[in-house]
Amino acid sequence: MQERVRLVVLFGGQSAEHDVSRVTARHVLGAASPERYAIDAIGISRDGDWVRTDAVAAIQATGGDAPQALEVQGDSVDPSLVTTDGELPVVVLPLLHGPMGEDGTVQGMLDLADVPYVGTGVLGSALCMDKAMAKQAAASFGIPQAAWRTLHVEDLVSLDHDALLRELGPVVFVKPANMGSSVGVSRADSVTALHEALELAASYDEWIVVEEGVDAREIEVGVLGNRRLEASVAGEIVPGDDFYSYDDKYHDGVAETLVPADLTPAQSDEVRALACRAGEALRVQGLARVDFFLEEPGRGFLLNEINTMPGFTPISMFPKLWEATGVSYPELIDRLVALAVERHATRTAHRSTGR
Ligand SMILES: Nc1ncnc2c1ncn2[C@@H]1O[C@H](COP(=O)(O)OP(=O)(O)O)[C@@H](O)[C@H]1O
Ligand SMILES: [Mg+2]
């Protein structure tokens with residue numbers, strides 16, 4: 001049996017996925033074994049204040065059943081001090097989605113504190129959060145993707161909208177480079193719609209990605225590991241809206257998920273291998289959900305994006321994919337903690353400063 005660990009769960013955060021993260025935290029606290037983990041739940045408010053919640057014992061006593069979100073409530077704590085503990089080894093679980101959580105910022109702080117944490121490090125987190133740079137990197141590794149153009153807001157004044165639609169259209173998707181949860185993403189099939197879509201995206205990030213709209217199924221694969229990743233079975237999203245929008249993800253609930261996806265054995269092998277290759281290329285560590293488009297007939301699997309901190313409630317795609325692969329929710333937490341410790345040890349062993 002593993003040594004008891006102080007598991008510091010960071011939740012909430014300053015992104016659009018603040019509330020999702022609070023629900024996830026509630027479930028993780030209910031599912032993590034109290035024998036294995038002394039849990040310290042640290043909430044981050046929408047304004048970026050850090051507080052230590054005192055609800056942990058009550059939640060552990062009732063188990064993981066109640067679906068309520070965990071409140072960001074309690075005494076203020078200094079972010080630089082949350083990882084110190086006198087007796088137990090510490091592992092941090094940053095259950096944070098989007099900018100200021102999944103993008104390498106929190107990961108950099110944890111590296112400075114020299115503490116093991118679950119998930120991808122600074123480079124992979126920043127790379128996967130930035131859709132423009134992620135695409136550039138994936139392309140250099142020969143990973144198939146839809147056609148795209150990267151724009152900076154300063155390029156917009158001189159942009160030839162007609163030419164862009166001719167190049168990537170008739171339908172394009174416009175996205176802020178640094179967001180998630182479909183926030184700021186829109187579909188455009190005319191010059192007017194493209195203008196509006198670019199303006200919306202520019203309100204979220206100075207870097208914008210314009211992508212060829214593909215007519216495709218949406219297939220997702222979970223990966224676990226460090227230098228080498230292993231893949232879950234594949235799942236499928238059937239959007240309720242005309243695309244998988246923010247409302248579809250969190251409000252209407254009309255999108256359906258199919259686990260496993262209805263794929264041929266050859267397609268399933270292919271997408272699982274591609275998920276590992278893409279994740280390893282973009283320096284994913286610990287866990288990720290790798291999202292694809294399946295264009296059939298056509299080019300087959302095209303990488304859409306890699307989420308380094310995927311939705312993690314028990315009904316989210318990532319845990320469902322692993323459940324179907326034979327890894328239960330509590331086991332998943334154990335695996336992630338073990339991977340965090342392993343990666344920290346590897347980093348420590350290869351960090352000679354040359355002095
Ligand atoms: N190039 C595209 N072609 C067709 N649909 C797309 C394209 N890009 C995005 N979408 C749709 O928009 C959704 C959100 O886009 P995505 O790039 O995954 O953003 P997010 O990071 O916010 O999840 C996708 O799940 C898909 O339904
Ligand atoms: Mg997505």
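The values are calculated or read from the model by the stated rules, or taken from the named source; none is laboratory data. All values derive from a computational prediction rather than experimental measurement. All Cβ positions, even for glycine, are placed from backbone atoms using ideal geometry, and neighbour counts span all protein chains on display. Remember, those area values only see protein heavy atoms, side chains included, never the ligands or the DNA or RNA. Shrake-Rupley method; radii C 1.70, N 1.55, O 1.52, S 1.80 Å.
Here are the numbers for the structure shown:
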| item | result |
| --- | --- |
| The stretch 14-25 residues that are outside the structural domain of VAL56 (by TED's automatic domain parsing), paired with ones that are assigned to a helix (DSSP H, G or I) (beta carbon under 6 Å, 6 or more apart) | none |
| In the stretch 166-178, the residues that are within 13 Å of ligand 2 (Cβ to nearest atom) and open to solvent by 30 Å² or more (accessible area, probe 1.4 Å) | PHE173 |
| Selection count, the stretch 204-214, where residues are at pLDDT below 95 and either within 13 Å of ligand 2 (Cβ to nearest atom) or open to solvent by 50 Å² or more (accessible area, probe 1.4 Å) (or both) | 1 |
| Options ALA281, ALA288, ALA255, ALA266; residue that is more than 12 Å from ligand 1 (Cβ to nearest atom) and free of Cβ contacts under 8 Å to residues at least 24 places away in the same chain | ALA266 |
| Failed condition for VAL209, given (1) of a type outside the set (D, E, K, R); (2) without any contact (Cβ under 8 Å) to a residue 60 or more places away in the chain; (3) touching a Phe, Trp or Tyr at 6+ places or on another chain (Cβ under 8 Å) | (2) |
| Leading residue by the ranking (least open to solvent (accessible area, probe 1.4 Å)) among those in the stretch 124-153 that are free of Cβ contacts under 8 Å to residues at least 12 places away in the same chain and in a helix (DSSP H, G or I) | ALA139 |
| Members of the stretch 179-193 that are outside any loop (DSSP other than H, G, I, E, B), in contact (Cβ under 8 Å) with a residue 12 or more places away in the chain and more than 16 Å from ligand 2 (Cβ to nearest atom) | ALA188, VAL191 |
| Any hit, the stretch 289-299, residues being surrounded by fewer than 23 Cβ atoms within 10 Å (Cβ to Cβ), at pLDDT 95 or above, touching a Phe, Trp or Tyr at 6+ places or on another chain (Cβ under 6 Å) and closer than 30 Å to GLY142 by Cβ | yes |
